[in-house]
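What follows is one structure encoded as structure tokens, with my remarks underneath.
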Ligand SMILES: CC[C@@H]1C(=O)N(C)c2cncnc2N1C1CCCC1
């Protein structure tokens, strides 16, 4: 049978987001580009400012998803918080606006995506590369913790790789009420625990507490039961063991991690070659002379 003309479909499908959206306050027009993926309430797109061709990663949140006051408040809080942050290794918030269909949150576009993508392509990273990314993530966490902000959702997928390979932590589920820092619940030590899991995953190629059964995984986490592969360098093994401690106050602090022999006795490159997202990079560490 002849292929059915698909125009009938397009006639009825209302585009969730128009090709061009206009910020009524500034009059600026933005052209929607490719879908980057879904993040929380939002569908995320590349969008281009037609006045200067600047590109952004934009979270597009349908008004229908924030119709209840508390949902709207959550988004407004996230925006207000993100607006107040300026740090080299924290994803830059540019601006936001809304129209009758959506709320648009314009963030820095990180076209190299995230550490999750690099990890999937490389499976394991070398110590120098892990030191490079770890320093940047620690720098962003110290900035957040000093402002009484906990990240609470640190993982490979939220460390975006900006231009010049700078790691940029994005704030998907941050907690920002200072009292949270003191409450027994989730202190800075919990962000450090997540950091330990990120280091383990990047060096070993799989998360520390991954099993086939979710209940079993929870048991491993509660008992801090994980294996340290012999392939790890001794200082990497020591670092991971010093972070993945059951008792939060036994874990290294961010400053203690930076002072650990893993960093002091190891070379950290200033920058990484683009090839390092697909293959082991040729790094020329300074001769020990
Ligand atoms: C816009 C959301 C999120 C993000 O936060 N940034 C900074 C980002 C920056 N550049 C590309 N993608 C980004 N993402 C992806 C889009 C789909 C899932 C997460």
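Tell me which of these residue 97 doesn't satisfy, since it passes every other one: (1) more than 11 Å from the ligand (Cβ to nearest atom); (2) in a strand (DSSP E or B); (3) without any contact (Cβ under 8 Å) to a residue 40 or more places away in the chain.
(3)
Taking the stated definitions as given, is residue 35 exposed (fewer than 15 other Cβ atoms within 10 Å of the Cβ), at pLDDT 90 or above, within 20 Å of the chain's Cα centre (by Cα) and farther than 30 Å from residue 143 by Cα?
Values: exposed (fewer than 15 other Cβ atoms within 10 Å of the Cβ): yes; at pLDDT 90 or above: yes; within 20 Å of the chain's Cα centre (by Cα): yes; farther than 30 Å from residue 143 by Cα: yes.
Here the answer is yes, as residue 35 does meet what is asked.
For the stretch 42-59, enumerate the residues that are touching a strand residue (DSSP E or B) at 6+ places or on another chain (Cβ under 8 Å) and more than 9 Å from the ligand (Cβ to nearest atom).
Hits for the stretch 42-59 are 47, 48, 49, 50, 51, 54, 55.
Among the residues of the stretch 235-249, what is the count of those that are surrounded by fewer than 12 Cβ atoms within 10 Å (Cβ to Cβ) and part of a helix (DSSP H, G or I)?
As a first pass, look at the stretch 235-249 and keep what is surrounded by fewer than 12 Cβ atoms within 10 Å (Cβ to Cβ): 246-247, 249.
With the extra rule that they be part of a helix (DSSP H, G or I), the set shrinks to 249.
The qualifying residues number 1.
Being assigned to a helix (DSSP H, G or I) and at positive phi, is that true of even one residue in the stretch 139-151?
Within the stretch 139-151, the subset assigned to a helix (DSSP H, G or I) is 139-146.
Applying the additional criterion that residues be at positive phi yields none.
Scanning the stretch 139-151, I find no residue that is assigned to a helix (DSSP H, G or I) and at positive phi, so the answer is no.
Would you confirm whether any residue within the stretch 100-112 is more than 16 Å from the ligand (Cβ to nearest atom) and either without any contact (Cβ under 8 Å) to a residue 60 or more places away in the chain or surrounded by 16 or more Cβ atoms within 10 Å (Cβ to Cβ) (or both)?
Looking for residues that are more than 16 Å from the ligand (Cβ to nearest atom) and either without any contact (Cβ under 8 Å) to a residue 60 or more places away in the chain or surrounded by 16 or more Cβ atoms within 10 Å (Cβ to Cβ) (or both), one finds at least one in the stretch 100-112, hence yes.
Among 214, 232, 254, which is touching a helix residue (DSSP H, G or I) at 6+ places or on another chain (Cβ under 7 Å) and either closer than 22 Å to residue 157 by Cα or exposed (fewer than 12 other Cβ atoms within 10 Å of the Cβ) (or both)?
When all the criteria are applied, what remains is 254.
Which condition number does residue 87 fail, the rest of (1) more than 9 Å from the ligand (Cβ to nearest atom); (2) surrounded by 14 or more Cβ atoms within 10 Å (Cβ to Cβ); (3) not in a loop (DSSP other than H, G, I, E, B) being met?
(3)
Consider residue 179 carefully, then state whether it is modelled with pLDDT of 95 or more, in a helix (DSSP H, G or I) and either more than 15 Å from the ligand (Cβ to nearest atom) or in contact with a strand residue (DSSP E or B) (Cβ under 7 Å, 6 or more places away or on another chain) (or both).
For residue 179, the condition - modelled with pLDDT of 95 or more, in a helix (DSSP H, G or I) and either more than 15 Å from the ligand (Cβ to nearest atom) or in contact with a strand residue (DSSP E or B) (Cβ under 7 Å, 6 or more places away or on another chain) (or both) - is not met.
Have a look at 273, 269, 288 and point out the one that is free of Cβ contacts under 8 Å to residues at least 60 places away in the same chain and within 19 Å of residue 166 (Cα to Cα).
Working: 269 fails: free of Cβ contacts under 8 Å to residues at least 60 places away in the same chain; 288 fails: within 19 Å of residue 166 (Cα to Cα).
When all the criteria are applied, what remains is 273.
The values are calculated or read from the model by the stated rules, or taken from the named source; none is laboratory data. All of these numbers come straight from a predicted model, not from anything done at the bench. Because the Cβ atoms are built from the backbone with ideal geometry, glycine has one as well, and the counts that use them run over all protein chains shown.
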